[in-house]
Amino acid sequence: MITENTLEEEEQEQQQVRMPWKNSVGDLPLTLDYFSGTMAEMVEKSAEEMPDSTAYIFMGKKTSRRQMWQEIEKCAKALRTIGVREGDRVTIALPNCPQAVTMFYAVNLVGAVANMIHPLSSESEIEFYLNRSESVTAITLDQFYGKFQKVRKDTKLVNIIIARVKDALSRPIRAGYMLTEGRKIEKIPADEPAIMWNDFLNLSRYCFYNYRVERKDDDPAVILYSGGTTGKPKGVVLTNRNFNAMAQQIRATNPMYRDGDRMLAAMPVFHGFGLGVCVHAMLAQNGCCILVPRFTPKSYAGDLVKYRCNFVAGVPTLYEAMLQVPGLKDADLSFLKGVYSGGDSLSVELKKKLDRFLYDHNSPVQVREGYGMTETVTACCLTPPDKHKEGSIGLPFPDTYIKIVAPGTDEELPYGEEGEILLSGPSVMAGYLDEPEETADTLRRHGDGLLWVYSGDLGTMDEEGFVFFRGRAKRMIVTSGYNVYPAQIENILDAHELVRMSCVIGVPDSYKMQKVKAFVCLKPGVPADAETRETLMQYCRRNIAKYAMPYDIEFREDMPTTLVGKVAYRILEEEELAKTGTDDAAPQE
């Protein structure tokens with residue numbers, strides 16, 4: 001006879017199997033009580049609790065939570081006035097600036113969906129994003145307005161709102177900005193069919209009815225884009241619950257976090273890392289964002305020290321650049337509470353360099369590597385604050401499960417065996433926008449009743465639950481029948497004393513199918529000559545299997561990067577294809 005106690009024991013046993021690390025790493029919670037409202041409501045709650053605390057700082061200007069929420073409500077009323085209704089899509093093409101924050105939560109407040117895109121997107125990309133989302137309204141900066149206007153006739157856009165950086169600046173800073181950056185921006189004629197930001201906000205006075213729309217936590221709220229390296233980008237539809245759950249998970253996995261702590265928000269808001277981790281998690285959890293509209297290593301380092309940021313999050317290339325900034329040479333980083341790396345694989349050697357740098361500058365913390373994907377907003381796995389394993393991306397967030405399966409199947413593999421990483425939890429997306437087949441292929445419900453995301457990434461898990469990222473399955477190089485994972489070779493190259501950064505790709509070959517080529521950025525002062533190349537080739541012969549050996553090493557001053565700062569290996573692949581032609585090119589995954 002099955003009793004309630006028996007079921008409870010079975011459930012506990014299943015949880016122990018699923019989470020073998022239970023109670024073995026500190027006292028981090030395994031499950032949380034999640035906020036049941038919308039993203040805007042969660043931020044409103046924070047504003048009510050701490051109205052006078054600083055919500056964000058933009059180029060020296062502070063904005064309190066009370067002021068932030070008043071702007072959000074005004075913006076929401078204006079959106080209703082121009083006709084934005086529940087379920088409509090509003091495209092936001094802005095850098096990390098106050099107008100982006102205001103519009104993002106105002107769109108949520110009126111029950112619409114925020115379609116987040118990069119303001120530097122090309123005209124054809126903008127047209128694609130507008131049509132894919134069927135956006136009725138868009139907001140962008142004045143310097144990008146021309147691209148929207150050119151494609152407008154081929155979209156469903158009704159309104160274009162134009163924001164200006166100068167509108168968000170304090171008076172002294174604004175004067176300096178207009179003498180430098182502002183004077184380069186072409187003035188928009190008064191008769192253009194667009195609404196300037198301040199004029200748009202003034203329309204709020206004509207909203208005489210309820211502008212707030214009641215939405216559920218599992219309603220669609222945000223569209224981000226993923227998988228743009230080949231073919232068309234996929235629109236990832238995320239819910240209020242996805243963002244709110246991740247915000248609470250981030251706080252739970254960082255017990256050192258306190259109300260009022262500051263996050264250096266340099267990662268862009270069109271990406272889950274910037275929007276979810278750097279902005280929403282802070283604004284919804286009583287923190288403060290230092291909004292960085294345009295990243296440069298110098299400005300990043302300057303803001304880090306000037307505002308004594310407690311938390312920083314970035315991709316490996318960002319940290320690699322930061323290490324080269326002279327302004328940090330004598331900096332005291334004792335104010336840091338968390339330094340996080342994600343978005344791309346952090347090599348063991350770069351982590352060692354970063355940790356040495358932090359230690360030498362009085363930081364009480366070292367780099368904590370995380371893992372996630374746009375399909376889970378972003379982060380869903382993080383190295384604990386008190387235990388690190390070399391090469392590991394950490395442990396799953398509370399209420400988040402990770403398992404390793406034989407690629408493409410639901411066959412769970414033993415600890416230590418390499419397979420595809422699967423994810424399940426409260427931050428898992430609702431699906432891909434208007435792509436039911438892609439959604440069904442990526443989201444699958446298993447016999448355990450959980451909905452799993454098939455990441456396409458390869459990894460292993462040890463008996464304590466620590467996950468190890470091995471590489472992206474789509475980056476796998478097949479050479480003479482052997483599987484070669486670029487990340488593993490990059491780790492070896494990055495460990496050499498002459499190497500600053502590397503990227504490994506597969507080049508089509510009529511005999512081997514693909515052959516391995518390495519691109520290397522050398523450390524300052526190292527000559528890019530034949531002697532250096534031979535030194536690195538000899539090093540590779542000692543440390544890399546013969547079948548995985550690079551046939552060539554090409555030196556580069558810098559690596560091409562994606563819009564979020566990852567190394568753009570696809571660009572390197574395209575360059576090689578252009579050199580060799582495609583006659584003997586084998587099809588690649």
Subject >> Rounded to whole Hz, the Karplus (6.51, -1.76, 1.60) HN-Hα couplings of region 517-533, x for glycine and proline >> reply: 10, 10, 10, 10, 9, 7, 5, x, x, 7, x, 8, 10, 5, 5, 5, 4
**OP:** Could you list which residues have their amide H under 5 Å from that of residue 568, counting only those 5 or more apart in sequence or on another chain, with H placed in the peptide plane?
**Re:** 561, 562
Original post:
Based on the Cβ-Cβ distance of residue 329 and residue 558, what FRET efficiency does E = 1/(1 + (r/R0)^6) give at R0 = 22 Å, to the nearest 0.05?
Top reply: 0.50
**OP:** Just subtract the alpha-carbon distance of residue 214 and residue 435 from 0.36 nm times their residue separation and send over the number in nm, one decimal.
**Re:** 76.9 nm
Original post:
Counting pairs of alpha carbon atoms under 8 Å apart in space and at least six apart in sequence, what relative contact order in percent does region 317-390 give?
Top reply: 30
Original post:
With each pseudo-label sitting 7 Å past Cα toward Cβ, what's the residue 409-residue 298 distance in nm, one decimal?
Top reply: 5.6
**OP:** Quote the FRET efficiency, to the nearest 0.05, computed for residue 387 versus residue 258 with a Förster distance R0 of 22 Å and r equal to the Cβ-Cβ distance.
**Re:** 0.50
Original post:
Can you work out ³J(HN,Hα) from phi for every residue in region 42-57, in order, using Karplus 6.51 cos²θ - 1.76 cosθ + 1.60 and θ = phi - 60°, giving whole Hz and x for Gly and Pro?
Top reply: 5, 5, 4, 4, 5, 5, 6, 6, 9, x, 8, 6, 7, 7, 8, 10
Original post:
Relative contact order, percent, of the chain when contacts are C-alpha pairs under 8 Å separated by at least 6 residues?
Top reply: 11
Original post:
Residues of region 121-174: accessible area per residue at 1.4 Å, in Å²?
Top reply: 44
**OP:** Name the residues whose placed amide hydrogens come within less than 5 Å of the amide hydrogen of residue 185, ignoring near sequence neighbours (fewer than 5 apart) on the same chain.
**Re:** none
**OP:** Within region 352-374, find all residues whose amide N lies under 19 Å from a label point positioned 7 Å from the Cα of residue 497 along Cα-to-beta-carbon.
**Re:** 352-354, 356-357
**OP:** Indicate the gyration tensor shape class of region 393-537 (rounded, prolate or oblate), computed on the Cα atoms with a ≥ b ≥ c the square roots of the eigenvalues: a/c under 1.5 is rounded; otherwise a/b larger than b/c is prolate and the rest oblate.
**Re:** prolate
Original post:
Between residue 70 and residue 463, how many nm apart are label points set 7 Å from Cα along the C-beta direction?
Top reply: 6.1
Subject >> Square roots of 5 times each gyration tensor eigenvalue, C-alpha, the chain, largest first, Å >> reply: 38, 30, 25
Original post:
For the chain, which whole percent of the accessible surface, found with a 1.4 angstrom probe, sits on carbon and sulfur atoms?
Top reply: 49
Original post:
Stretch residue 571-residue 352 to full length: gain in nm at 0.36 nm per residue minus the Cα-Cα span?
Top reply: 76.0 nm
**OP:** Express in nm, to one decimal, how much length is gained between residue 191 and residue 123 on full extension, taking 0.36 nm for each residue of separation and deducting their alpha carbon distance.
**Re:** 22.3 nm
Subject >> Per-residue HN-Hα couplings for region 115-122 [Karplus 6.51, -1.76, 1.60; θ = phi - 60°; Hz; x = Gly/Pro] >> reply: 9, 8, 9, 6, x, 8, 4, 6
Original post:
How far apart, in nm, are the 7 Å Cα→Cβ label points at residue 85 and residue 417?
Top reply: 5.5
Original post:
Which percentage, to the nearest 5, of the DSSP beta bridges contained in region 325-459 is antiparallel?
Top reply: 85
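The values are calculated or read from the model by the stated rules, or taken from the named source; none is laboratory data. If you're wondering where the values come from, they're calculated on a predicted model, not measured in any experiment. Glycine also receives a Cβ, built like all others from the backbone with ideal geometry; neighbour counts cover every protein chain displayed. The accessibility values were calculated without ligands, DNA or RNA, using every heavy atom of the protein model including side chains. Shrake-Rupley method; radii C 1.70, N 1.55, O 1.52, S 1.80 Å.
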